[in-house]
Amino acid sequence: MLAAADVIVVGGGVAGCSAALAAARRGARVLMLTKLPDPAESNTRYAQGGIIYRSPDDSPELLVEDILEAGARAGNREAAEVLAAEGPPLVRKLLVEELEVPFDRDENGSLHFTREGAHSVARVIHHRDTTGARIQHALGQAVANEERVEVLPGARVLDLIVSGDRCAGVRAWCGGEAVMLPAGGVVLATGGLGGLYRHTTNPPSATGDGVALALRAGAAVEDLHYVQFHPTALYEPGSGRSFLISEAVRGEGGVLLDPDGDEFVDHPLGSLASRDIVAREIQAMMERSGSPCAFLDITHRPASWLKTRFPAIYTHCLRAGIDITREPIPVVPAAHYSCGGVITDVMGRTTLPGLWAAGEVARTGLHGANRLASTSLLEGLVWGWHAGEDAARPHPMSVPNRRVVSPLPEAAPQDAWQRLREVMWEYAGIVRSEEGLRGGLAEISALEHEYGTSDIGDPLLVARRIMEDALTDTRSRGCHYREDALVGGGIHAG
């Protein structure tokens, strides 16, 4: 039987590791559960571009404005101010000084800053194009070395336990059996839901698990229809998951071209406009021209520099037959990030006492209707730390630690998963309409009728909520684009 924990953390990415470390350093006994056998397998591992810091020509006020502007002015100013004030000092103290993440340096030995889409200044630090993997490794090692944290990989959380009016632990499938695990506090850090879409930069495991757990437990969820589509995923027909081409490629001077070799993004910032704008511009260009993709050209940069700055992208593209030093990269948009999720305050507290959320599963209000590039790792770090510290305060535990008789839901066939992902891409993708969303909900209902009791049941619950939120919101804002958007009682194209 597992030892009782003061805090249970569900998820092992940047938010989960940050929460576990913060809670342990406050003296709590922490149990970290990860869905997959490899505890480091998370969206964090695949983050390429970098993490926001503070460059010499930057300020907290300027970062706040960039976050709110990129979010279509739908974000929470308080959340942006917390991130801008607390994020860079936490990066310096924990990642740079304590864990010594090997961020790239310039010729003077100072941290190298790059600029990404919708940023006013260069303020993003990075390790080449594998920043997330380096941060994940450093945080994972710190968690492994923390004696107050026990990591249980391959443990699938089936339900949140609600006792009285608070979350009192989880029911999880561990080692071939269902187990009731009590805790004074539970932190959801389960990541996103991009795996519900046919084209996504996320790993297949990103199916909105934490959102489903929260919904079924009665915690408030909001803005799930704000799904951000990254403009530049590598176009590889038939390859399955889309490989991300970091926004930093455009930050370092890459430009988007149509099949005739002309720039086409109609915005003052050009290829460095916010992600929602660039994704729609690519989609529109593809529809006009009949091209299956756009082309990202950075061949004006020296070949040796490209291989050093973007080694993972260079290697992956070369394996796909594309030499980025000599030819443009074919790219298409793909589902990338959920800006909504489980509602939290600035401490990560949800509307259900005893339950916290941090990272992509949470809706802090930071992103509004569209996420500013490279805020994701920083948000996970800051809110994970807040949630871990707050959850570590003494809380009552009223549920016994025991085994229960409860089988796992049967596995849905792969064609059911494929149908779900096709439906989400077709009806809740980059461009939406009332007719399409109603058709999508009908398809979801059919899948629920056939497979609702299987392991696809929770993803279907999340998919339904995404479409319902999108149907209710008749405005076009940020990454939610309604081609039939209502304005002043009339209809317009966006």
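Computed quantities for the displayed model
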item: In the stretch 326-348, the residues that are out of contact with any Leu (no Cβ under 9 Å at 6 or more places or on another chain) and open to solvent by 10 Å² or more (accessible area, probe 1.4 Å); result: Arg326, Glu327, Tyr337, Ile343, Thr344, Asp345, Val346, Met347
item: The stretch 448-494 - residue that is open to solvent by 70 Å² or more (accessible area, probe 1.4 Å) and within 27 Å of Asp159 (Cβ to Cβ) and, of those, modelled with the lowest pLDDT; result: Thr453
item: Index of the failed condition, Val186 passing every other in (1) assigned to a loop (DSSP other than H, G, I, E, B); (2) at pLDDT 95 or above; (3) farther than 14 Å from Arg363 by Cβ; result: (1)
item: Total residues in the stretch 253-288, condition free of Cβ contacts under 8 Å to residues at least 40 places away in the same chain, out of contact with any strand residue (DSSP E or B) (no Cβ under 9 Å at 6 or more places or on another chain) and closer than 27 Å to Arg477 by Cβ; result: 6
item: Residue selected from the stretch 1-19 under the condition in contact with a Lys or Arg (Cβ under 9 Å, 6 or more places away or on another chain) and at pLDDT 95 or above, by the criterion surrounded by the fewest Cβ atoms within 10 Å (Cβ to Cβ); result: Asp6
item: Among the residues listed as Ala392, Ala412, the single one being in contact with a Ser or Thr (Cβ under 6 Å, 6 or more places away or on another chain), surrounded by 21 or more Cβ atoms within 10 Å (Cβ to Cβ) and farther than 30 Å from Gly117 by Cβ; result: Ala412
item: Candidate set from the stretch 194-230 (those that are open to solvent by 10 Å² or more (accessible area, probe 1.4 Å), part of a helix (DSSP H, G or I) and touching a Lys or Arg at 6+ places or on another chain (Cβ under 8 Å)); member that is farthest from Arg171 (Cα to Cα); result: Leu215
item: The stretch 365-382 residues that are over 11 Å from Ala70 (Cβ atoms), paired with ones that are basic (Lys, Arg) and surrounded by fewer than 24 Cβ atoms within 10 Å (Cβ to Cβ) (beta carbon under 9 Å, 6 or more apart); result: Gly365/Arg77
item: Within the stretch 424-444, tally of residues that are touching a residue at least 12 places away in the same chain (Cβ under 8 Å), small (Gly, Ala, Ser) and open to solvent by 10 Å² or more (accessible area, probe 1.4 Å); result: 2
item: Test: residue in the stretch 295-317 that is at positive phi and either open to solvent by 10 Å² or more (accessible area, probe 1.4 Å) or assigned to a loop (DSSP other than H, G, I, E, B) (or both); result: no
item: Members of the stretch 26-60 found to be in a helix (DSSP H, G or I), surrounded by fewer than 23 Cβ atoms within 10 Å (Cβ to Cβ) and in contact (Cβ under 8 Å) with a residue 40 or more places away in the chain, listed by number; result: Arg45, Tyr46
item: Boolean, Arg250 is of a type in the set (D, E, K, R), touching a residue at least 12 places away in the same chain (Cβ under 8 Å) and open to solvent by 10 Å² or more (accessible area, probe 1.4 Å); result: no
item: Number of the exception - Gly176 against (1) in contact (Cβ under 8 Å) with a residue 24 or more places away in the chain; (2) over 14 Å from Leu355 (Cα atoms); result: (1)
item: Among residues of the stretch 112-139, those that are open to solvent by 20 Å² or more (accessible area, probe 1.4 Å), out of contact with any helix residue (DSSP H, G or I) (no Cβ under 6 Å at 6 or more places or on another chain) and in a helix (DSSP H, G or I), counted; result: 2
item: Count - residues of the stretch 260-293 that are over 25 Å from Ala369 (Cβ atoms) and surrounded by fewer than 17 Cβ atoms within 10 Å (Cβ to Cβ); result: 8
item: Tally, over the stretch 143-157, of residues that are open to solvent by less than 20 Å² (accessible area, probe 1.4 Å) and either under 22 Å from Thr453 (Cα atoms) or free of Cβ contacts under 8 Å to residues at least 24 places away in the same chain (or both); result: 1
item: Hits in the stretch 68-102 - residues which are free of Cβ contacts under 8 Å to residues at least 40 places away in the same chain, in contact with a Phe, Trp or Tyr (Cβ under 9 Å, 6 or more places away or on another chain) and open to solvent by less than 60 Å² (accessible area, probe 1.4 Å); result: Pro88, Val96
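The values are calculated or read from the model by the stated rules, or taken from the named source; none is laboratory data. Predicted model, so just to flag it, every value in this text is computed and none were measured. Neighbour counts are summed over all protein chains in view; Cβ atoms, including those assigned to glycine, are modelled from backbone coordinates with ideal geometry. Each accessible area value is taken on the protein alone, full model and side chains, heavy atoms only, with ligands, DNA and RNA left out. Shrake-Rupley method; radii C 1.70, N 1.55, O 1.52, S 1.80 Å.
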